[in-house]
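What follows is a single structure, written as structure tokens, with notes after it.
The values are calculated or read from the model by the stated rules, or taken from the named source; none is laboratory data. Worth saying up front: this structure is predicted, and the values here are computed from it rather than measured. Every residue, glycine among them, receives a Cβ derived from its backbone with ideal geometry; neighbour counts consider all protein chains shown.
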Amino acid sequence: MIGLICLASFLCPNQADIWKPAPTPISTRWAAEVKPDRVLPEYPRPQLVRERWENLNGLWDHAIRPKAQGKPTAWDGKILVPFAAESSLSGVGKTVGDANRLWYRRTMAVPPSWQGQRVLLHFGAVDWQCEVFLNGEKVGEHEGGFDSFSIDLTAKLKGPPGSIQEIIVAVYDPTDKGPQPRGKQVAKPEGIWYTPVTGIWQTVWLEAVPTSSITSLILTPDLENGALKIRVMADGKRSEPEPCTVVIRADGDEVARATIPENKEESVRLSLVKPWSPTDPFLYDLEVRLASGDRVTSYFGLRTIRVGKDPKKPDGPNRLLLNGKPLFQFGPLDQGWWPDGLYTAPTDSALLYDIEMTRRLGFNMCRKHVKVEPERWYYHCDKIGLLVWQDMPSGDKNIPPNAPDLTRDQRSEDIYRRELKALIEGKRNHPCIVVWVPFNEGWGQFKTNQILEETKKMDPTRLVDGPSGWNDRKGGDMVDAHVYPGPGMPPLEQTRAAILGEYGGLGLPITGHLWLQSGNWGYQTFKDRQALGNAYKNLNFRLGALVGRGLAAAVYTQTTDVEVEVNGLMTYDRAILKLPPQAREWNERLYQPLPEFTDLLSTAVTKPQAWRSTTSTPAKGWEKPAFNDTEWKESPGGFGTEGTPNARIGTVWNTKGIWLRRHFTLEKVPTGQIALDIHHDEDAIIYLNGVKIAELTGFSSGYEILQLDDTTQTLLKAGNNILAIHCKQTTGGQYIDAGLLLGKTPTKDD
């Protein structure tokens, strides 16, 4: 690709003299590589490639004006496209706000060699509402901050080939003053909410296409039948459908060739069938040509994803089956924010870096959190083999846990549905995407099961999370709990897979790499990297027990620090990895055979269990087997107050302390690893047959599994046993319930 050039060098001042990054607390190392005359020069659409295109990234004029005003008569200066106005790399570094409109202007010339072709103007993404003018005439408009759109400029071009054309773009973004999907953007950033992003934030480019041209490809892998289902969408005026030639290659060798009609799905069988997976992300090359001449290249991968039983364990818990085989999916919550570019990575190398680091750390998945990335991000995931759970960006109002669905007005609902459809249709060809996540934690959650069903109908080839955290309505393919710091898991179900959609959030502020020098935030904060590493290792090993229990996937918060959040695996500037080198080994352990846990002593999750309890301080030795507890009240667990997250209230407990004893009988001493299944809010001390086996501080936000040391098994005896607990309450919710699990490590034959 040869970028647009100035027609006369004396008209082009040194671009570095009229642009520099706006001040920012920290930057990534890639920011220094950004040059105004070469901004994100890579081809922006790897799944539909043509040879003739021109990149319009670079310096544009800009102006911020009150929303009611028309086109500016003067401009405020230069802005570096495609970086949002609020970002450092834009050179502006100003908040536009909901009362204003952001205007862009630039000139360009269509190459004379494009004569006789249609000229399309493409926008990767513009947040949020925009109008486009060519030579003073409106040529298009769009609403939606995350999907690409195109405008045919051909009819409005003026003058002979090579003539100067003027493009003006007007953008309005209400951020959190509007109902539109916006992810984590807020007008006043704090905590888990970030800086607004206004305007063009993905590549802008021109493309030459014939009168009759391919507009899109719909690619559906059919691994079971060794085929690709393909539909070639084309436009142009003609009396009959145009035939299309499809050629598929594997490692350069042709493995399929077919002629199919346009705008109709056809199945093309492959002579070589090779599935795509994280360990072997094999991609086929695809060439499609219309009979009239238009040609595009693309690629695809063959893979399946579904919820089902491990074929070796038909009576076991539900797992996520990739290509028919169970795979524990594990990775970070990926926000996709940058200190210098906000939504936009400074370079393609920077965009790739986060993906490579995720794989180097031993993860096989990431959850793209309430943001949609440029096409090249998914392309890199396809190439490297990183599974992606794709969130729908959230918008409108939020509902708290255990609340009914939000009621949206019609415009808000229409916007959501339109942008969800655009997301699915725009990203459906990427093999890396295996899960759609329509809702997160009640953010904009409405008509939950209806939306989940419609998502599945739009794309039955992928799983639908239903929803991620908080307000489950029994729909979707997965039941998803958020447990901080955790880990924990939701109850196992007959048809859905049990997912830990968020956990962790372990924080470590590192001086010199902070957005703010004070007031930073994490779910649990540590003083140094050693303490953080130890805590991460502990969480990881406890997570392994949940995998053995039936947990099918887990998402750790998060890839990087973001603004005042310091709970990243890396700092916000990507300069420091906070975890030790052993982290990869800890993570990859979760893909190996792990102890499988079954109930030895059930919790209230299975059914309410009988405990003896008192809220008055008992006599010394209350935890011992010989203690006489006949005067204690007998009632079902768990114990606590309604509204405590993930509590299963059997008996209300609302005092400052409670002492519990539970008798259970064993016919014989079991062999295997013993673990504690517990939900505590707050501090709890646990005894087995009079011996302290755990002392837990703080609170859990759900049931967690704590693997106990090998000596615990020796405390059990045939006959009567006692599990005793003391739990304290200081503030907020309160709850206590516990049980015991027995773990068996599977053999290679299992």
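How about region 599-619: which of its residues are part of a strand (DSSP E or B) and under 19 Å from ASN721 (Cβ atoms)?
Of everything in region 599-619, those that are part of a strand (DSSP E or B) and under 19 Å from ASN721 (Cβ atoms) turn out to be ASP599, LEU600, LEU601, ALA610, TRP611, ARG612, SER613.
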Out of region 128-187, which residues are assigned to a helix (DSSP H, G or I) and in contact (Cβ under 8 Å) with a residue 60 or more places away in the chain?
-> THR175, LYS177
Which of the residues belonging to region 155-173 are polar (S, T, N, Q) and surrounded by fewer than 16 Cβ atoms within 10 Å (Cβ to Cβ)?
-> SER163
Picking from PRO608, PRO580, the residue that is outside the structural domain of ILE722 (by TED's automatic domain parsing) and surrounded by 13 or more Cβ atoms within 10 Å (Cβ to Cβ) would be PRO580
For region 622-724, which strands (runs of 3 or more DSSP E) that fit wholly inside it have 1 or more residues that are hydroxyl-bearing (Ser, Thr, Tyr)?
-> 633-636, 657-666, 684-688
Long-range neighbours under 9 Å by Cβ, at least six apart or interchain, first residue free of Cβ contacts under 8 Å to residues at least 24 places away in the same chain within region 293-322, second among the small types (Gly, Ala, Ser) and surrounded by fewer than 20 Cβ atoms within 10 Å (Cβ to Cβ) | GLY308/GLY324; LYS309/GLY316; ASP310/GLY316; PRO311/GLY324; LEU321/GLY308
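Collect the residues in region 605-634 that are touching a Pro at 6+ places or on another chain (Cβ under 7 Å) and either over 21 Å from TYR703 (Cα atoms) or not polar (S, T, N, Q) (or both), keeping them in residue-number order.
Within region 605-634, VAL605, PRO608, ALA610 qualify.
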Can you tell me which residues in region 453-467 are in contact (Cβ under 8 Å) with a residue 24 or more places away in the chain and either out of contact with any Lys or Arg (no Cβ under 9 Å at 6 or more places or on another chain) or buried (at least 23 other Cβ atoms within 10 Å of the Cβ) (or both)?
-> THR455, LEU463, VAL464, ASP465, GLY466, PRO467
PHE446 versus (1) assigned to a loop (DSSP other than H, G, I, E, B); (2) under 19 Å from CYS366 (Cβ atoms): which is the lone unmet condition?
-> (2)
Within region 259-291, residues closer than 14 Å to LYS229 by Cα, in a loop (DSSP other than H, G, I, E, B) and touching a Lys or Arg at 6+ places or on another chain (Cβ under 6 Å) come out as GLU265
Single unsatisfied condition, LYS67 versus (1) touching a His at 6+ places or on another chain (Cβ under 9 Å); (2) under 22 Å from HIS142 (Cβ atoms) | (1)
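This table checks each residue for (1) assigned by TED's automatic domain parsing to the domain that holds PHE282; (2) surrounded by fewer than 21 Cβ atoms within 10 Å (Cβ to Cβ); (3) more than 14 Å from the chain's Cα centre (by Cα).
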position	(1), (2), (3)
GLU373	no, no, no
CYS381	no, no, no
ILE384	no, yes, yes
VAL388	no, no, no
SER394	no, no, no
ASN398	no, yes, yes
GLN410	no, yes, yes
TYR416	no, no, yes
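So in region 418-436, with the set limited to residues that are hydrophobic (A, V, I, L, M, F, W, C) and out of contact with any Pro (no Cβ under 7 Å at 6 or more places or on another chain), which one is surrounded by the fewest Cβ atoms within 10 Å (Cβ to Cβ)?
Going through region 418-436, the residues hydrophobic (A, V, I, L, M, F, W, C) turn out to be 420, 422-424, 432-436.
Now drop any that are not out of contact with any Pro (no Cβ under 7 Å at 6 or more places or on another chain), which leaves 422-424, 432-436.
Working: ALA422: 16, LEU423: 23, ILE424: 19, CYS432: 26, ILE433: 22, VAL434: 23, VAL435: 25, TRP436: 26.
Once the filter is applied, the top-ranked residue is ALA422.
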So which residues in region 62-102 are part of a loop (DSSP other than H, G, I, E, B) and over 26 Å from PRO339 (Cα atoms)?
-> LYS67, ALA68, GLN69, GLY70, LYS71, PRO72, THR73, ALA74, TRP75
